[in-house]
Amino acid sequence: MLPGHHLHGANQYRLSLKDIPTDKLIDAFGKDSLGILLVKDLPKEYHDLRKKVLTQVSYLTRLDKQSLQDLECPEGYYLTGWSLGKEKLANGVADELKGSFYINCSFFKNPALEGPPPEESRGYENYKAYTTWNRWPKETLDELKGFQHNCKALISLMIEISLQICEKIDSYCESHLQNYHPGYLESIIRESTTSKARLLHYLPNTSSSQSDWCGEHCDHSCITALTSALFFDGDSELTTSPDPSAGLYIKDRRGKVVKVNIPPDCLAFQSGSALEEVSGHQFKAVPHYVKGTAMPGISRNTLAVFLQPSLHAMVNENETFAQFADRRLYQVEYAFKAVNSSNITCLGLVGEDSSVVVSQKKIPDKLLDPSTISYIFQVSDSIGMLATGAIADARSLAMRARAEAAEFKYKYGYEMPVDALAKRMANLAQLYTQKAYMRPMGVALTFVSVDDELGPSLFKTDPAGYYFRAIGTSTGPKQQEVTTALERAHKKKKDGVLVKGDWTKVVEFAIITLSNALSTEFRKNDLEVGVATKDGFRSLTPDEIDERLIAIAEQD
């Protein structure tokens, strides 16, 4: 179990396909629910097809390099056909441990379709991720014979079962929402030409380290249908998961993380962001992630079918599905612009035994008390945080970071590591990008600490949820100029440390770099400085900043 995650026994609703009462559906998907439903008593055909398809996907990944490249679809942003190494993990590294085969599900509406017909794609030329037609492998291997047929049969069966769930949701919405069109959800899913299936092959891990196979997120769909996974040790199928902690984790409505076990005889359904819109927020999307196995040499195969409306279908009174998707993207774009709205440039640096953050400080009105305006926050005894962007958002995130760090220490008895905190805050930021009715925070965060294991450390997150570790970084309108100066300094160093000496030397180097990039001379009240050493984190007083400015002047 990973520190900072709470594993609880959860009421996973397991209902028979022969009888799915509406009240139980609300218990599974409603505002105070877990957000997931397990359905049993499935047709025998489902079990046979599941085993065939999830076995065949392993052989698909073994095709030669050229054959796999032929299945890639760059114009569709690698969201049609084969994709490996195109997706970025939370730390910005290409994901080489998860191969995906994406399939458009238009064939459910019309067997002749492999994607939206031309008349539906007209006007949506910028939505290639949804409109690109399928690419199927040549079934030259004996093990891949019937692959396309099996995939389509399994996906179609999963959609048919999903439509029964949609009918129950429609029934509830008709009785609780004014002007809800009878049978609307069922109709837009049945007629959809943009629903997408994703065959997933999690490659064997070569080490015993445990990792998240995908970061915490909410699905963009109305409903996602999930098969139980098949695990393999080489070519040998395993009857059960070899690692009880590996698999699907979801976050309940109270923020607690729950391990979800999908039995082989069940099909799982979880709610997505588009369902929130269609249902007038009667149903909530479920945040979730998948955790890898700690056992080397084990692969995992599964299938997810994302049931979502066609691009032209309305998801609320004012927006089509395409507009809904765009709105979420624009919100992230605006959040990045907000980072520069304060017109403040800052930087963070790692030294031999310290890490520091230095930021401009601008007081908009002379009548304001300067001590009440700060972008540097102490999160814990050892961790400091510099927030660049909207000051109100900065204070809100500082309070959340402090709460996360305090809860971690209360539960585990030691300080939350800076990398864990940075990743947690990045995951929270990423969640805000997935909910169309929530605004992403217009703040970039820089964390500094001297960690017991990592030593002097610097991590940065942005409004989209991207995070990384660095030895030097900058944020703000002039970040490119500062970054260029840091890169030049790095080229002259052979050991990777930008500044030799104690924290005073690191602070002085940071101030000089910022001053040169901005072509300005600072006074003590023009700057904020935070310093992390082995003794903890603290912010420098104006007089201490002045001492560093005097030392710089004496060097000149």
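Count, please, the residues in region 128-149 that happen to be in contact with an Asp or Glu (Cβ under 9 Å, 6 or more places away or on another chain) and either under 15 Å from Ala197 (Cα atoms) or part of a loop (DSSP other than H, G, I, E, B) (or both).
Of the residues in that region, 12 qualify.
Based on this model, can you work out whether Gln360 counts as in contact with a strand residue (DSSP E or B) (Cβ under 7 Å, 6 or more places away or on another chain) and buried (at least 20 other Cβ atoms within 10 Å of the Cβ)?
Yes, satisfied.
Select from region 391-426 the residues that are within 24 Å of Tyr289 (Cα to Cα), in contact with a helix residue (DSSP H, G or I) (Cβ under 8 Å, 6 or more places away or on another chain) and of a type in the set (D, E, K, R) and list them in ascending order.
Across region 391-426, the qualifying residues are Arg400, Glu404, Arg424.
Answer yes or no: is there a residue in region 161-178 that is modelled with pLDDT of 95 or more and closer than 30 Å to Ala426 by Cβ.
Within region 161-178 (the criterion being modelled with pLDDT of 95 or more and closer than 30 Å to Ala426 by Cβ), the answer is no, since none of the residues qualifies.
Would you call Ala517 surrounded by fewer than 23 Cβ atoms within 10 Å (Cβ to Cβ), assigned to a loop (DSSP other than H, G, I, E, B) and out of contact with any Gly (no Cβ under 6 Å at 6 or more places or on another chain)?
no
Among the residues of region 349-357, are any surrounded by fewer than 22 Cβ atoms within 10 Å (Cβ to Cβ), modelled with pLDDT of 85 or more and more than 24 Å from the chain's Cα centre (by Cα)?
Yes, there is a match, as at least one residue in region 349-357 is surrounded by fewer than 22 Cβ atoms within 10 Å (Cβ to Cβ), modelled with pLDDT of 85 or more and more than 24 Å from the chain's Cα centre (by Cα).
Sort out which residues of region 249-266 are among the hydrophobic types (A, V, I, L, M, F, W, C) and either in contact with a His (Cβ under 6 Å, 6 or more places away or on another chain) or assigned to a loop (DSSP other than H, G, I, E, B) (or both), and write them in order of number.
Ile250, Val257, Val258, Ile262, Cys266
Looking at Val278, Val290, can you tell me which residue is closer than 13 Å to Ala229 by Cβ and either modelled with pLDDT of 85 or more or in contact with an Asp or Glu (Cβ under 8 Å, 6 or more places away or on another chain) (or both)?
Result: Val290 is the single residue among Val278, Val290 that is closer than 13 Å to Ala229 by Cβ and either modelled with pLDDT of 85 or more or in contact with an Asp or Glu (Cβ under 8 Å, 6 or more places away or on another chain) (or both).
Select from region 183-197 the residues that are free of Cβ contacts under 8 Å to residues at least 24 places away in the same chain and in a helix (DSSP H, G or I) and list them in ascending order.
Glu186, Ser187
Select the strands (runs of 3 or more DSSP E) contained entirely in region 13-102, then report the ones holding at least 3 residues which are polar (S, T, N, Q) and either at pLDDT 90 or above or buried (at least 21 other Cβ atoms within 10 Å of the Cβ) (or both).
none
Restricting the search to region 520-548, which residues are at pLDDT below 95 and aromatic (Phe, Trp, Tyr)?
Phe522
Within region 355-378, does at least one residue satisfy the condition of being in contact with a Leu (Cβ under 6 Å, 6 or more places away or on another chain) and more than 16 Å from Asp526 (Cβ to Cβ)?
Yes: region 355-378 contains one or more residues that are in contact with a Leu (Cβ under 6 Å, 6 or more places away or on another chain) and more than 16 Å from Asp526 (Cβ to Cβ).
Looking only at region 391-414, filter to residues that are touching a residue at least 24 places away in the same chain (Cβ under 8 Å), among the aliphatic types (A, V, I, L, M) and closer than 16 Å to Leu428 by Cβ; which one of those is surrounded by the fewest Cβ atoms within 10 Å (Cβ to Cβ)?
In this case the residue turns out to be Ala406.
Would region 458-465 turn up any residue that is part of a loop (DSSP other than H, G, I, E, B), closer than 28 Å to Gly536 by Cα, touching a Leu at 6+ places or on another chain (Cβ under 9 Å) and at pLDDT below 90?
Yes, the conditions are met somewhere in region 458-465.
Contact list please: Cβ distance under 7 Å, first residue in region 279-300 and farther than 20 Å from Arg198 by Cβ and in contact (Cβ under 8 Å) with a residue 24 or more places away in the chain, second residue part of a loop (DSSP other than H, G, I, E, B) and acidic (Asp, Glu), pairs at least six apart or on different chains.
From residues that are farther than 20 Å from Arg198 by Cβ and in contact (Cβ under 8 Å) with a residue 24 or more places away in the chain, the pairs are Ala294/Asp243; Met295/Asp243.
Determine which single condition Val499 fails, assuming it passes every other condition in (1) buried (at least 18 other Cβ atoms within 10 Å of the Cβ); (2) touching a residue at least 40 places away in the same chain (Cβ under 8 Å); (3) in a helix (DSSP H, G or I).
Only one criterion is unmet by Val499, namely (3).
Please verify whether region 118-140 includes one or more residues that are under 21 Å from Leu303 (Cα atoms), among the small types (Gly, Ala, Ser) and crowded, with 18+ Cβ neighbours inside 10 Å.
For region 118-140, residues under 21 Å from Leu303 (Cα atoms), among the small types (Gly, Ala, Ser) and crowded, with 18+ Cβ neighbours inside 10 Å: absent.
Assess whether Tyr410 counts as being more than 21 Å from Lys534 (Cβ to Cβ) and of a type in the set (Phe, Trp, Tyr).
The answer is yes for Tyr410.
In region 336-356, what residues are part of a loop (DSSP other than H, G, I, E, B) and of a type outside the set (A, V, I, L, M, F, W, C)?
Across region 336-356, the qualifying residues are Asn340, Ser341, Ser342, Asn343, Thr345, Gly351, Glu352, Asp353, Ser354.
For the condition in contact with a helix residue (DSSP H, G or I) (Cβ under 6 Å, 6 or more places away or on another chain), within 19 Å of Leu34 (Cβ to Cβ) and assigned to a strand (DSSP E or B), what is the one hit in Phe283, Phe269?
Phe269
Counting only residues that are free of Cβ contacts under 8 Å to residues at least 60 places away in the same chain and buried (at least 16 other Cβ atoms within 10 Å of the Cβ), which one in region 528-543 is nearest to Leu347 (Cα to Cα)?
Leu540
The values are calculated or read from the model by the stated rules, or taken from the named source; none is laboratory data. Quick caveat, the model's predicted, so the values are computed rather than measured. Note that we place each Cβ from the backbone using ideal geometry, even for glycine, and neighbour counts take in every protein chain shown.
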